[in-house]
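The values are calculated or read from the model by the stated rules, or taken from the named source; none is laboratory data. All figures in this text were calculated on a predicted structure; none of them were measured in a lab. In this analysis, Cβ positions are derived from the backbone assuming ideal geometry, glycine residues included, and neighbour counts consider all displayed protein chains. Calculation scope for accessible area: heavy atoms of the full protein, side chains included, ligands and nucleic acids excluded. Shrake-Rupley method; radii C 1.70, N 1.55, O 1.52, S 1.80 Å.
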Amino acid sequence: MSWNTFGRFFRFTTWGESHGPALGVVVDGCPPGIALGEEDIQPFMDARRPGQSKYTTQRREADEVRILSGVFEGRTTGTPISLMIENTDQRSKDYSEVAKAYRPGHADYTYDAKYGFRDYRGGGRSSARETAARVAAGAIARKVIPEVTLTAFVEQIGEVAIDHARFDREAIARNPFFCPDPETVPRWEELVDGARKDGSSLGALVAARAEGVPAGWGAPVYAKLDSELAAAMMTINATKGVEIGDGFAAVTNTGESNADPMRPAEDGGVSFGANHAGGIAGGISTGQPVTCRVAFKPTSSILTPVDTITSEGEATQIRTKGRHDPCVGIRGVPVVEAMMALVLADQKLLHRAQCG
């Protein structure tokens, strides 16, 4: 069985291929009566849309979303919501060499090993184009969690990281890198443009933060909020690592330095002295901001020749033609935000189902 559905109560199923006529998503489990229109979804599609700068793929897609079901007179009906996004700028001829040989780092070989054949046009289902459907579903999920504010940004490209002392949330939307540190933008421009001209690519680190998540979302064992977030992020194309809170840096901490001290708050609640745990303890949200970081590998489609084999098992080299992101992590930002929204919406409904 091929798994194309994610979620427990708030579930979504994506469909379609990179070079097919369209792709889309079916969202099931959305509560009824929520105001929803295409205008609520399109801004998030525009943030992810390709071809907006020379630092991303030059494939030109409008990514206009259409609601096909589940909404009546501007409100969700409680039935499955089907969304469709047409593909309008495919160039399947760019993949003639890919039909004969596997691209290292891509799913070409593993798809052949599993299914016995593959859609080589842009990778089919394995293409990052599939994430457009997730972003559309994530826009609906945001409607389920209006109390939560989501922020994602690029923290590092290659070896160049932002300076958190210069963090400016408003700057994220003002540059093509989703960068919160304006002084780092020129360095990234030079770095990414250099990789593009060299026919190479770069990796990136994307950070995400959810504020307003109340204490209590999640479960102690098999539906932990952090395990669900990690699973969601690892389904994104090119993701190779996920950290919750301090993540791997916690290895160098001691028990006392890693603790998040608690004190009574003036409003009768809890005041935390730190947030090393990323807003999650025992798989359940603490009421602090939920934080995670996602590591994206360099784009595997590069113009530099790489050793590989043909589908007949013969040694050869391949250089991937076509239009590709020199740093796929940049456009990963809206996808990371969407996946965080989808997990949190699911966890909110899961909590409500058990605890009322």
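Here is a check on your reading of the model: is residue 155 touching a residue at least 40 places away in the same chain (Cβ under 8 Å), under 30 Å from residue 270 (Cβ atoms) and surrounded by fewer than 20 Cβ atoms within 10 Å (Cβ to Cβ)? In short, no. When region 189-200 is filtered for residues that are in contact (Cβ under 8 Å) with a residue 40 or more places away in the chain and either part of a loop (DSSP other than H, G, I, E, B) or open to solvent by less than 30 Å² (accessible area, probe 1.4 Å) (or both), the ones remaining, listed by number, are 192, 193, 195, 198, 199, 200.
Being hydroxyl-bearing (Ser, Thr, Tyr), closer than 20 Å to residue 136 by Cα and at pLDDT 85 or above is the filter here, so list the residues in region 69-104 that pass it. Hits for region 69-104 are 69, 76, 77, 79, 82.
The single residue among 253, 237 that is among the polar types (S, T, N, Q) and either more than 18 Å from residue 331 (Cα to Cα) or at pLDDT 95 or above (or both) turns out to be 253.
Of the residues that make up region 201-214, is at least one modelled with pLDDT under 95 and surrounded by fewer than 20 Cβ atoms within 10 Å (Cβ to Cβ)? Within region 201-214, not a single residue is modelled with pLDDT under 95 and surrounded by fewer than 20 Cβ atoms within 10 Å (Cβ to Cβ).
For region 158-180, the candidate set comprises residues that are more than 30 Å from residue 304 (Cβ to Cβ) and assigned to a loop (DSSP other than H, G, I, E, B); within that set, the residue that is least open to solvent (accessible area, probe 1.4 Å) is 180.
Conditions tested, residue by residue: (1) under 30 Å from residue 261 (Cα atoms); (2) not basic (Lys, Arg).
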| position | (1), (2) |
| --- | --- |
| 276 | yes, yes |
| 281 | yes, yes |
| 290 | yes, yes |
| 297 | no, no |
| 301 | no, yes |
| 304 | no, yes |
| 310 | no, yes |
| 325 | no, yes |
| 356 | yes, yes |
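Restricting attention to region 215-246, the residues that are among the small types (Gly, Ala, Ser), open to solvent by 40 Å² or more (accessible area, probe 1.4 Å) and over 26 Å from residue 297 (Cβ atoms) add up to 1. Of all residues in region 1-14, those being under 15 Å from residue 134 (Cα atoms) and crowded, with 17+ Cβ neighbours inside 10 Å number 7.
When residue 139 is tested against (1) modelled with pLDDT under 85; (2) hydrophobic (A, V, I, L, M, F, W, C); (3) surrounded by 16 or more Cβ atoms within 10 Å (Cβ to Cβ), exactly one condition is not met: (1).
Do we find a residue being among the charged types (D, E, K, R) and modelled with pLDDT of 95 or more anywhere in region 117-134? Checked region 117-134: at least one residue is among the charged types (D, E, K, R) and modelled with pLDDT of 95 or more. Checked against (1) over 21 Å from residue 334 (Cβ atoms); (2) touching a helix residue (DSSP H, G or I) at 6+ places or on another chain (Cβ under 8 Å); (3) touching a residue at least 60 places away in the same chain (Cβ under 8 Å); (4) surrounded by 21 or more Cβ atoms within 10 Å (Cβ to Cβ), residue 103 passes all but a single condition, namely (2). When region 19-68 is filtered for residues that are in a loop (DSSP other than H, G, I, E, B), modelled with pLDDT of 95 or more and open to solvent by 20 Å² or more (accessible area, probe 1.4 Å), the ones remaining, listed by number, are 29, 31, 32, 33, 34.
Going residue by residue through region 267-286, is there one that turns out to be among the charged types (D, E, K, R) and either open to solvent by less than 50 Å² (accessible area, probe 1.4 Å) or in contact with a helix residue (DSSP H, G or I) (Cβ under 9 Å, 6 or more places away or on another chain) (or both)? No, the conditions are met nowhere in region 267-286.
Exactly one residue out of 274, 204, 210, 250 is of a type in the set (A, V, I, L, M) and within 30 Å of residue 98 (Cβ to Cβ), and it is 204.
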